[in-house]
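> What follows is a structure written as structure tokens; I'll ask about it next.
The values are calculated or read from the model by the stated rules, or taken from the named source; none is laboratory data. Predicted model only: the values in this text are computed from it and were never measured. Every residue, glycine as well, gets a Cβ built from its backbone with ideal geometry; the counts of neighbours run over all protein chains shown. Heads up: the accessible areas ignore ligands, DNA and RNA and are worked out on the full protein's heavy atoms, side chains in. Shrake-Rupley method; radii C 1.70, N 1.55, O 1.52, S 1.80 Å.
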Amino acid sequence: KYDPLMQPTKDTMSVTVYANGVDFKPATKEIEIIGYSSFKENVQKKDSFLKYTRSISYTNEGNVANKKKLIVETSVVEQLFSSTTPEAIKIIDNGVRQYVWEITVQPQQSTTITMVTNYRYIVFIILAIILLILSYYFLRSPMLITKESRVVRASKNEEGISHLKVLIHIKNRTNKVLEHVK
């Protein structure tokens, strides 16, 4: 018996048969152990709040190294919020965005490709914007004060202004009554 994981090689097989004390002529034959490779794929998905992880493991159950080209379709939005391990090549084929990996797996070894899509960043950004807007409305001054000047009368003798009226406009931005304003 040969080991199923034996590397491809050429060998000579020699068989001698003994029967009833008689030794028959040994037979020899040239044999060749060929290389073969088969991939076993294992896909695992893990989903949590706005985070999606997909792991694809490839195990080479053969006796020679094997290469595989893995292509996964994606979208523009998904590509913005995704990361891959190992790093994928990003291509556009006929208007379809794709991740492409060229993997080589040695005999009886495995390799894992991980894709993580995390939309939590969008939620964090939206929450930060909402907090900034709310903090602006809660922390701003309750009164809005503007100043305006009007010319009441211009001087006829000299060029210039002789009487000027300064107006101060005060606006209450809250629904509360403001008292004792200085």
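> Name the one entry in 178, 164 that is at pLDDT below 85, in a loop (DSSP other than H, G, I, E, B), of a type outside the set (D, E, K, R) and surrounded by 10 or more Cβ atoms within 10 Å (Cβ to Cβ).
Result: 178 is the single residue among 178, 164 that is at pLDDT below 85, in a loop (DSSP other than H, G, I, E, B), of a type outside the set (D, E, K, R) and surrounded by 10 or more Cβ atoms within 10 Å (Cβ to Cβ).
> Report yes if some residue within segment 63-70 is open to solvent by 70 Å² or more (accessible area, probe 1.4 Å), more than 15 Å from residue 41 (Cβ to Cβ) and not in a strand (DSSP E or B); otherwise report no.
Scanning segment 63-70 turns up no residue that is open to solvent by 70 Å² or more (accessible area, probe 1.4 Å), more than 15 Å from residue 41 (Cβ to Cβ) and not in a strand (DSSP E or B).
> Kindly evaluate residue 159 against the criterion of being open to solvent by 90 Å² or more (accessible area, probe 1.4 Å), under 30 Å from residue 62 (Cα atoms) and out of contact with any Asp or Glu (no Cβ under 6 Å at 6 or more places or on another chain).
Criteria not met by residue 159.
> Follow-up. Within segment 10-60, how many residues turn out to be of a type in the set (Val, Ile, Thr) and closer than 30 Å to residue 78 by Cβ?
Here the count works out to 4.
> One residue is enough: does segment 49-59 have a residue meeting the conditions over 30 Å from residue 122 (Cα atoms), open to solvent by 70 Å² or more (accessible area, probe 1.4 Å) and in a loop (DSSP other than H, G, I, E, B)?
no
> Given the criteria of a type in the set (Val, Ile, Thr), within 27 Å of residue 42 (Cα to Cα) and open to solvent by 100 Å² or more (accessible area, probe 1.4 Å), does residue 92 qualify?
yes
> Pick from 73, 41: which is more than 21 Å from the chain's Cα centre (by Cα), under 21 Å from residue 99 (Cα atoms) and open to solvent by 50 Å² or more (accessible area, probe 1.4 Å)?
Just a single option satisfies the conditions, and that option is 41.
> Kindly list the number of the only condition in (1) open to solvent by less than 60 Å² (accessible area, probe 1.4 Å); (2) of a type in the set (A, V, I, L, M, F, W, C); (3) modelled with pLDDT of 90 or more that fails for residue 143.
For residue 143, the failing item is (3).
> Kindly indicate the residue of segment 44-70 that is among the β-branched types (Val, Ile, Thr) and farther than 17 Å from residue 100 by Cβ and also modelled with the lowest pLDDT among those meeting that condition.
The selected residue is 64.
> Of the residues 113, 130, 103, only one is at pLDDT 90 or above, loosely packed, with under 14 Cβ neighbours inside 10 Å and not basic (Lys, Arg); which?
That would be 130, the only listed residue that is at pLDDT 90 or above, loosely packed, with under 14 Cβ neighbours inside 10 Å and not basic (Lys, Arg).
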